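This report refers to the structure that appears directly beneath it.
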Amino acid sequence: MKVTITVNGRDLTADVEDRMLLVHLLRDSGLTATNVGCDTTSCGACTVLLDRESVKSCTVLAAQADGSEVTTLEGLAGPDGTMHPVQ
């Protein structure tokens, strides 16, 4: 299945398997701040903003995010590269 997601203001189009998790799509595209930390959805290391709502990307299928806007930790930096306090 082909999905198109806006990630940190940039369009990302990828062919994904039906069972691929959003966290793996993000990491496979080079955004390594989003991590799989626990495999139980408890730790929050995979948390991203999906359409401005906080979600654990290890619980969302990449296909479910099709057409959505995703903000990762990398996307919190200012336009001049100034790091956000969360970073």
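The strands (runs of 3 or more DSSP E) found wholly in the chain and carrying at least 3 residues that are among the charged types (D, E, K, R) and surrounded by fewer than 10 Cβ atoms within 10 Å (Cβ to Cβ) occupy 10-15. Restricting to region 60-80, name every residue that is free of Cβ contacts under 8 Å to residues at least 24 places away in the same chain and closer than 17 Å to Thr32 by Cα. Result: Leu76, Ala77.
Only the coordinates and a few stated rules stand behind these numbers; no lab work does. Bear in mind the structure is a predicted one, so any value in this text is a computation, not a measurement. Note that each Cβ is placed from the backbone with ideal geometry, even for glycine, and that neighbours are counted across all protein chains shown.
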